[in-house]
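Beneath this line is the structure, given in structure tokens, with notes to follow.
Since every read-out is calculated from the coordinates, none of them should be taken as a lab result. Note that this is a predicted model, so its numbers are computed, not measured. Here the Cβ positions follow ideal geometry from the backbone for every residue, glycine too, while neighbour counts run over all protein chains shown.
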């Protein structure tokens, strides 16, 4: 893999983990660009890179530029950056590849259906990485780069990627919000949320056993009307949570 000199634009959760992953497999991280110099410095120190906070100081001789920024910032960068000879890659699950056309004729997407938290370590060897690029040659170069991190590489076009991104929101963001709601509910009744950790882990383990709807348990799947009515009464003073309870109960019963 020849393209080992990489500059990172961004210093948040995704930028941090991708920079660490690439640095860990021997790639040279040349620069870290962030709006805050302090944030750029924090990440740059971890990957032996130069921190900068002005895109006009971005060197033009890196092989790959990884734009790990929010979607709105990505569109703004596309108006300013011109890197015609480099492979320029964004990390958004919901933004088309074409946003980078003005930046370089060599452009791509490297997106992972994973939740990243800057200070929580992860095993990158099992990280799913979804790629797309402007030409077959660029896609091959991007695949070679990503396979240094993980063998779990998927080739998705924009239409496929945005469906995968929405499903990832359901699996991660929605489930986390429901878990947080359960924590708050137990806290409000003086109960320890840790009692539910084994349940959460066992529920996740169901991925290994086939059709998840066939493994659905609980009062909704059993059509246990008396229990459902009693639980609805417990939620009577919280209309938002009651509405969520009713919607999820209906969803379960329509599939079981």
Enumerate the residues in the stretch 74-112 having an amide nitrogen under 18 Å from the point lying 7 Å beyond the Cα of residue 135 toward its Cβ. 83-90, 97-109
DSSP beta bridge pairing in the chain, given as percent antiparallel to the nearest 5: 15
Can you put 224, 38 in order, fewest other beta carbons within 10 Å first? 38, 224
Angle in degrees between helix 175-188 and the longest Cα principal axis of the chain, rounded to the nearest 10: 50
Which percent, nearest 5, of DSSP beta bridges in the stretch 5-156 are antiparallel? 15
For 111, 55, order by how many other beta-carbon atoms lie within 10 Å, fewest first: 55, 111
Name the most mobile residue of 136, 219, 102, meaning the one with the largest mean-square fluctuation, in a Gaussian network model of the chain with Cα contacts below 10 Å. 219
For residue 13 and residue 71 in the same chain, what is the full-extension length gain: residue separation times 0.36 nm, less their Cα-Cα distance, in nm? 19.5 nm
Give, in nm to one decimal, the length gained when the segment between residue 28 and residue 217 is fully stretched (0.36 nm per residue of separation minus the Cα-Cα distance). 63.1 nm
Figure the gain on full extension for residue 48 and residue 157 (residue separation times 0.36 nm, minus the Cα-Cα span) and round it to one decimal in nm. 35.9 nm
May I ask for the angle, rounded to the nearest 10°, between helix 71-80 and the longest principal axis of the chain, with both axes built from Cα atoms and the value confined to 0 to 90°? 10
At 1.306 mPa s and 10 °C, Stokes diffusion of the stretch 139-256 via Kirkwood alpha-carbon radius, µm² per second: 91
Value at 222 nm in deg cm²/dmol, rounded to 500, when DSSP H runs of n ≥ 4 in the chain each add -39,500 (n - 2.57): -13500 deg cm²/dmol
Normalised alpha carbon radius of gyration of the chain [divisor 2.2 N^0.38 Å]: 1.22
How long are the three semi-axes of the equivalent ellipsoid of the stretch 82-195, in whole Å, if each is the root of 5 times an eigenvalue of the C-alpha gyration tensor, listed from largest down? 36, 15, 12
Using a basic spin-label model with each label point 7 Å from the Cα along Cα→Cβ, how many nm lie between residue 206 and residue 147? 3.7
Show me 124-133, 177-186 ranked by packing, highest mean number of other Cβ atoms within 10 Å first. 124-133, 177-186
The helix 239-255 Cα axis meets the longest alpha-carbon principal axis of the chain at an angle in degrees, between 0 and 90 and rounded to 10, of 90
Sort 56, 118 so that the residue with the fewest other Cβ atoms within 10 Å of its own Cβ comes first and the one with the most comes last. 56, 118
